[in-house]
Amino acid sequence: MKTRIAIVDDHKLFREGIKRILDFEESFDVIAEGSDGTEVVAIMDDHQVDVFIIDINMPNMNGVTATKALLEKYPDAKVIILSIHDDESYVTHVLKVGARGYLLKEMDSDTLIEAIKVVTKGGCYLHPKITHNLVEEFRRLSLKEQLFKSREVEVRRPLHLLTRRECEVLQMLADGKSNRAIGEALFISEKTVKNHVSNILQKLEVNDRTHAVVTAIRNSWVEVK
């Protein structure tokens, strides 16, 4: 079964660019497009959409309001928000509304494809660049008293769960690096990085890389820079 995708963005050229990227993926099928948030619910009414890709800034109805309206009628709908904002306040607001993903418009094609696949399977996906910012906010709000009573936190690598290479990859996930950047840093292919990430998720019993990073921070398995 192909993943049925709808793209909603008021910039036609950007929308067409996204569609061209997705058309190369055999498991994807772009079945609908829209240029405004007011069209989102109607698109779902007319099509059985698996994943919506929605721009956060649009006239008449923005992506956040459109996502909220969609989920009120279709609670199981899956939405990935596109944005130019990497501030954690935007991210947390979007996630509270119910979106499953948040991508920056500077993303590469691999990140877009990976995000759709993760969200399709029920996980959440955040652009690697904003992961570090969100981790910092999470640390400040949730872990300050628990983990950061002093400036120095002893990092204990989870060698009882992960291999040394997987520990390196986990640290780089916490640093907000993409699969490509991790591969370049460790001199391994992106495919190998994806395999390591998959192994990490399985061993930590989490669904996505964000939860893996949160778990690692809670257990002092990574350095938060």
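The values are calculated or read from the model by the stated rules, or taken from the named source; none is laboratory data. Small disclaimer: the values here were computed from a predicted structure and weren't measured. As a convention, Cβ positions derive from the backbone with ideal geometry for all residues, glycine included, and neighbour counts pool all protein chains shown. Ligands, DNA and RNA are stripped out before the accessible areas are found, and what is left, the full protein with its side chains, is counted by its heavy atoms. Shrake-Rupley method; radii C 1.70, N 1.55, O 1.52, S 1.80 Å.
Surface composition of the chain: carbon plus sulfur atoms hold 47% of the accessible area, using a 1.4 angstrom probe and ignoring ligands, DNA and RNA.
Which whole-Hz couplings ³J(HN,Hα) result when phi for each residue of region 33-41 is put into the Karplus expression 6.51 cos²θ - 1.76 cosθ + 1.60, θ = phi - 60°, listed in order with x for Gly and Pro? Working through the residues one at a time gives 9, x, 10, 7, x, 5, 8, 4, 4 Hz. Only one residue of Thr163, Leu95, Val213 has its Cα farthest out toward the positive end of the dipole of the chain, where Lys and Arg carry +1 and Asp and Glu -1 on Cβ, and that residue is Thr163. Stretching Arg180 away from Ile84 to a fully extended chain increases their span by 32.5 nm, per 0.36 nm per residue minus the current alpha-carbon distance.
For the chain, the longest principal axis of the Cα atoms and the long axis of helix 209-218 meet at an angle of about 30 degrees.
Between the helical axis of 164-174 and the longest alpha-carbon principal axis of the chain there is an angle of about 50 degrees. A cut-off of 5 Å between modelled amide H atoms, ignoring neighbours fewer than 5 places along the same chain, links Val30 with Ile5.
Using C-alpha pairs below 8 Å separated by at least 6 residues, the relative contact order for the chain is 14 percent.
The mean accessible area for residues of the chain, using a 1.4 Å probe and ignoring ligands and nucleic acids, is 53 Å² per residue.
Our estimate of slack between Ser189 and His47, defined as 0.36 nm per intervening residue step minus the Cα-Cα distance, is 47.4 nm. Bridging of Lys68 to lysines at a Cα separation below 27 Å is possible for Lys2, Lys12, Lys19, Lys78, Lys96, Lys105, Lys117, Lys121, Lys129, once same-chain residues fewer than 8 apart are set aside.
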